[in-house]
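Below is one structure, written out as structure tokens, with a few remarks after it.
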Amino acid sequence: MRWIAEALRGMRLALAAHPGVFALVTLAVAALNVLAPVAILSAARKPLDFFTFNPWLKRLPEYLASSEYPMAEKLQKLPELALFWFSAGASYGGAEWGFAVDVADVARIVLFSALFGLYFALWRRYRDLALRGARELRSAGIAGAAATLFGLSTGACSVSGCGAPMLPVLGLAFVGLESGTLHFLAQSSRVATIALFAVLALAVAYLGCRVTRATLRLVPPRRKAG
């Protein structure tokens, strides 16, 4: 498992060298994951007019500490707990659309955002070492940006008023489609999310190995004391 050790070492080196890049990209991707669906729904359906945190959250510690329900049942329901949501009211009452972010969404957003942040920190560190041509470095940066856009456009989000409980972000623009098409978009979003995670994890591991090997080439070997 030498390559795993090299990948982890490269990640540590990249984070130590460029913590700002990691933090900036992570925060930007996380914010876009939340704001992009709201912007698309506001443009395609009706402008946003309501936002709130789940008022029940203040009772969460009491719920978890109570003995009324088994802990296994509580933990099973926890990923579906909505933390906050956006919505736009309909002219006839109710909501024209709603977009909620639950615990599972937050975990997914944090994981993908951190992977993107780590990827660009590794890319920046590898560029600093300047052991490869500018074309390869530029290609890696373009690939990372493309993956970011792909992730934002195909990532699933929890919506109401669009005909399906889960849709890819781009699917929010195509309201009024048949239920079969909406179901296909929802399923394709799940597949795309899994595929993107696998590709991104491999890309991070690959760049981590490259950073480690490039660093070792620059550091002269230590001579043993004679």
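Tabulated data for the structure shown
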read-out: In segment 16-29, the residues that are under 20 Å from Val110 (Cβ atoms), surrounded by 15 or more Cβ atoms within 10 Å (Cβ to Cβ) and out of contact with any Gly (no Cβ under 9 Å at 6 or more places or on another chain); value: His18
read-out: Which numbered condition Ser91 fails, given (1) open to solvent by less than 90 Å² (accessible area, probe 1.4 Å); (2) assigned to a loop (DSSP other than H, G, I, E, B); value: (1)
read-out: All positions within segment 44-65 that are surrounded by 11 or more Cβ atoms within 10 Å (Cβ to Cβ) and without any contact (Cβ under 8 Å) to a residue 24 or more places away in the chain; value: Arg59, Leu60, Tyr63, Leu64
read-out: Filter pass, Ala17 being at pLDDT below 85, more than 20 Å from the chain's Cα centre (by Cα) and small (Gly, Ala, Ser); value: no
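Every residue, every condition in (1) in a helix (DSSP H, G or I); (2) surrounded by 13 or more Cβ atoms within 10 Å (Cβ to Cβ); (3) aliphatic (A, V, I, L, M), yes or no:
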residue: Ala31; (1), (2), (3): yes, no, yes
residue: Val38; (1), (2), (3): yes, yes, yes
residue: Ala72; (1), (2), (3): yes, no, yes
residue: Gly98; (1), (2), (3): no, yes, no
residue: Val106; (1), (2), (3): yes, yes, yes
residue: Phe112; (1), (2), (3): yes, yes, no
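The values are calculated or read from the model by the stated rules, or taken from the named source; none is laboratory data. Just so it is clear, the model here is predicted, and its values are computed rather than measured. Heads up, the Cβs are rebuilt from the backbone with ideal geometry, glycines too, and the neighbour counts pull from every protein chain shown. Quick note on the areas: whole protein, heavy atoms, side chains included, nothing else; ligands and nucleic acids left out. Shrake-Rupley method; radii C 1.70, N 1.55, O 1.52, S 1.80 Å.
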